[in-house]
Amino acid sequence: MSGDPTKFDVIIAGGGLAGLPLALALAQGGFQVAVVDVLDPAVDVDPEFDGRVSSIAEASLRMLAGLGVAQHMQEHLQPINDIVVTDGRPGETAAPLFLHFDHTEIGDAPLGAMVENRHMRVALRKALANSEGVTLMAPDRIVSFDVAPSHVSVTLASGILLAGALLVGADGRRSQIRQQSDIQTVGWSYGQSGIVTTVEHALPHDGVAQEYFLPSGPFAVLPMVGNRSSLVWTEETELAEALLGLDDEGFAAECAKRFGPYLGEMKPVGPRWSYPLSLQLARDYVRPRIALVGDAAHGIHPLAGQGLNLGLRDVAALADVLVDAQRVGLDIGALVTLHRYERWRRFDNVSLAVA
Ligand SMILES: Cc1cc2nc3c(=O)[nH]c(=O)nc-3n(C[C@H](O)[C@H](O)[C@H](O)COP(=O)(O)OP(=O)(O)OC[C@H]3O[C@@H](n4cnc5c(N)ncnc54)[C@H](O)[C@@H]3O)c2cc1C
């Protein structure tokens, strides 16, 4: 490993659902950006890789449209018209008292949209291909980084050397950048896992999302394009593992017991996934020449469907702060600049996480 490093304004570790929008936003602001991700880009768009379907708030959708992303996933967006929250027990009909959030009470626009994560990743990559100023380095990994007074230098496993004014950790819950910057976290495990699978049903869902509170935790039925819904089903981790191990018939019967008859005959289709659930909040979001965004800064329970929406708000805030600083000739990696971002985002993230 020798020679001069390739220079960028910002180096982003993690080209996931927060890292790539940040790269696009910074490129729009005139920055030269490198994105380093450990995964081969072909892997995380495979239908077997990630079964999650994300609820994207209207504000996040507007942001993704501004970044040239939403246009590439239009046919995969399922509007959320209503949200119904109720409780009950498996095998019984839902309790008669429930909360109903109807989009027509606040305007004409839907409450948001559901989109499969893999379609969002494809759309992000298409937007990246149309954008100048972003270099994607994947698969590769950061072996080490050194923060100097005027820049941060990064060494990749491939031997490539990079230098930038700022290194951003958008590398998820187990963030290498957070750990190696000695940023502590607070939080706990819920001792539960979120089972995720897709079901097909006979009747249309009309864009209604159902949150069904069962004794073991929430069972969410989230509308997808067509007569399909995504289940996010919370269970104690041991039971979740047992459910995942059932044969197709047994698993379908357990789903049906909780799903109820309201969408007619239903059957699970495709793979099943399980995600351990925990709360994890970084104590700090910044260090000199280092900033954290997305799950690297805050990992929350998926119940509210807000983790990614918070990450996208981090992206908007950090891009805004950096563009502002650059415009008036300030150092984008200086702590005084980065503290503006931290002050802006930490309160919002913590309030939602503990709500
Ligand atoms: C069951 C479930 C349902 C959810 N539903 C919703 C929802 O409906 N709405 C919502 O807003 N949120 C939802 N979330 C949360 C949402 O999925 C996350 O908040 C979001 O994926 C975080 O994106 P991220 O880019 O910060 O992290 P990640 O998605 O974890 O991406 C991190 C990226 O960094 C890369 N990486 C990792 N380590 C390194 C390294 N050392 N160097 C370089 N690259 C690295 C990874 O390959 C990956 O590409 C849900 C979560 C779960 C578990």
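The values are calculated or read from the model by the stated rules, or taken from the named source; none is laboratory data. Predicted model only: the values in this text are computed from it and were never measured. Neighbour counts run over all protein chains shown; Cβ positions are idealised from the backbone, glycine included. The accessibility values were calculated without ligands, DNA or RNA, using every heavy atom of the protein model including side chains. Shrake-Rupley method; radii C 1.70, N 1.55, O 1.52, S 1.80 Å.
Listed values, structure above:
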quantity	calculated
Odd one out for residue 291, checked against (1) open to solvent by 50 Å² or more (accessible area, probe 1.4 Å); (2) modelled with pLDDT of 95 or more; (3) of a type in the set (A, V, I, L, M)	(1)
Matching strands (runs of 3 or more DSSP E) fully within the range 24-92 where at least 3 residues are out of contact with any Ser or Thr (no Cβ under 9 Å at 6 or more places or on another chain)	53-57, 82-87
Filter result for the condition that a residue is more than 12 Å from the ligand (Cβ to nearest atom) and not β-branched (Val, Ile, Thr), over 231, 222, 244	244
Enumeration of residues in the range 247-285 that are in contact with a Pro (Cβ under 9 Å, 6 or more places away or on another chain), open to solvent by 30 Å² or more (accessible area, probe 1.4 Å) and within 16 Å of the ligand (Cβ to nearest atom)	270, 271, 275
Failed item, numbered, when residue 25 is tested on (1) open to solvent by less than 30 Å² (accessible area, probe 1.4 Å); (2) under 30 Å from residue 81 (Cβ atoms); (3) of a type in the set (Gly, Ala, Ser); (4) touching a strand residue (DSSP E or B) at 6+ places or on another chain (Cβ under 8 Å)	(4)
Pair list, Cβ < 9 Å and 6+ apart or interchain, from the range 296-309 residues that are assigned by TED's automatic domain parsing to the domain that holds residue 170 and assigned to a helix (DSSP H, G or I) to residues that are of a type in the set (Phe, Trp, Tyr) and within 7 Å of the ligand (Cβ to nearest atom)	302/275
Qualifying residue in the range 336-350 (condition: open to solvent by 50 Å² or more (accessible area, probe 1.4 Å) and assigned to a strand (DSSP E or B))	no
Residue match in the range 224-235 (condition: more than 30 Å from residue 104 (Cβ to Cβ) and open to solvent by 60 Å² or more (accessible area, probe 1.4 Å))	no
Residues located in the range 1-18, provided they are more than 17 Å from residue 338 (Cβ to Cβ) and under 16 Å from the mean Cα position of the chain (by Cα)	14, 15, 16, 17
The listed residue being open to solvent by 30 Å² or more (accessible area, probe 1.4 Å) and assigned by TED's automatic domain parsing to the domain that holds residue 288, out of 163, 157, 170	157
Condition met for residue 214 (near the ligand (Cβ under 9 Å from one of its atoms) and outside the structural domain of residue 148 (by TED's automatic domain parsing))	no
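Yes/no matrix, rows are residues, columns are (1) of a type in the set (Ser, Thr, Tyr); (2) touching a residue at least 12 places away in the same chain (Cβ under 8 Å); (3) in contact with an Asp or Glu (Cβ under 8 Å, 6 or more places away or on another chain):
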residue: 197; (1), (2), (3): yes, yes, no
residue: 201; (1), (2), (3): no, yes, yes
residue: 204; (1), (2), (3): no, yes, no
residue: 208; (1), (2), (3): no, yes, yes
residue: 214; (1), (2), (3): no, yes, yes
residue: 222; (1), (2), (3): no, yes, no
residue: 228; (1), (2), (3): no, yes, yes
residue: 235; (1), (2), (3): no, yes, no
